[in-house]
Amino acid sequence: MTVILFAVLAVTGLTLPGIGLHYHEHGGLDPAYCLLALFFSANLLICYWEACLFFRRDHIAGRAEYWRERQQKTGRAPGAEFLTSRVPLRRLLSTELWGDLWSAYSTYDGSYADRRTFGFNVDMGNGFFTPVPTLLLYAAFTVEFMPALYAGILGVALFWQWAYVTSLYWVSFHVAGRHRQIGMNRLYYLYVVGPNSVWILFPLLGLYVSIRLIVEGHYGVLGH
């Protein structure tokens, strides 16, 4: 199985049960809920990857040079080669495998091979500290197991930090001049702009929903 196929299947497998339960409980599908269910599911998978960033931090630094040399030999982008590589099923949850994801990404942003940087530590922190609140919000948005006010307060805190920290990472990427290392080309937009835009745009939607939950005191904004 390729790495990218596993990622798609994992996110799909986390998203569809929530959407199905939401439809069963409320008799319809709301666009805002579906988008946030997709975002929550993607974040849960990436939290595991970010935990691997910590557990394989020494491995990442060593493998970063391998990906640079391989890029020079093959001319292929490390990100694309990693995502399309085939992996045995027994290794799909290997911390070494997902540590190698960060090694490949470090060819675009060297901060992920250096544990002293903002990028390294903020993503590692997300991996350890956001899975529980992500699951709580996912469940609350699906089946209303907590009052809308509480869900809204938790949502404002969680979505704001995602939007703020991602924006700050993007600023630090440019202030450090890392954009000049890869150039303002398709790789920059595919591997830097694209993923970081997701962690700004979806949290902005989450902030809107969370504020509505607080102000209105019910889950109507999610089609309940």
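Here is a yes/no grid of residues against (1) without any contact (Cβ under 8 Å) to a residue 12 or more places away in the chain; (2) surrounded by fewer than 16 Cβ atoms within 10 Å (Cβ to Cβ); (3) of a type in the set (Val, Ile, Thr):
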{"site": "Phe82", "(1), (2), (3)": "no, no, no"}
{"site": "Arg90", "(1), (2), (3)": "yes, yes, no"}
{"site": "Trp102", "(1), (2), (3)": "no, no, no"}
{"site": "Tyr108", "(1), (2), (3)": "no, no, no"}
{"site": "Arg115", "(1), (2), (3)": "no, yes, no"}
*Name the residues in segment 31-50 that are over 12 Å from the mean Cα position of the chain (by Cα) and open to solvent by less than 40 Å² (accessible area, probe 1.4 Å), would you?*
Ala32, Tyr33, Cys34, Leu36, Ala37
*What number of residues in segment 4-30 are surrounded by 19 or more Cβ atoms within 10 Å (Cβ to Cβ) and either over 30 Å from Ser103 (Cα atoms) or modelled with pLDDT under 95 (or both)?*
3
*For segment 136-187, how many residues are open to solvent by less than 50 Å² (accessible area, probe 1.4 Å), modelled with pLDDT of 95 or more and β-branched (Val, Ile, Thr)?*
2
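The values are calculated or read from the model by the stated rules, or taken from the named source; none is laboratory data. Because the structure is a prediction, the values reported are computed rather than measured. Cβ coordinates were reconstructed from backbone atoms using ideal geometry, including for glycine residues, and neighbour counts include every protein chain displayed. Each accessible area value is taken on the protein alone, full model and side chains, heavy atoms only, with ligands, DNA and RNA left out. Shrake-Rupley method; radii C 1.70, N 1.55, O 1.52, S 1.80 Å.
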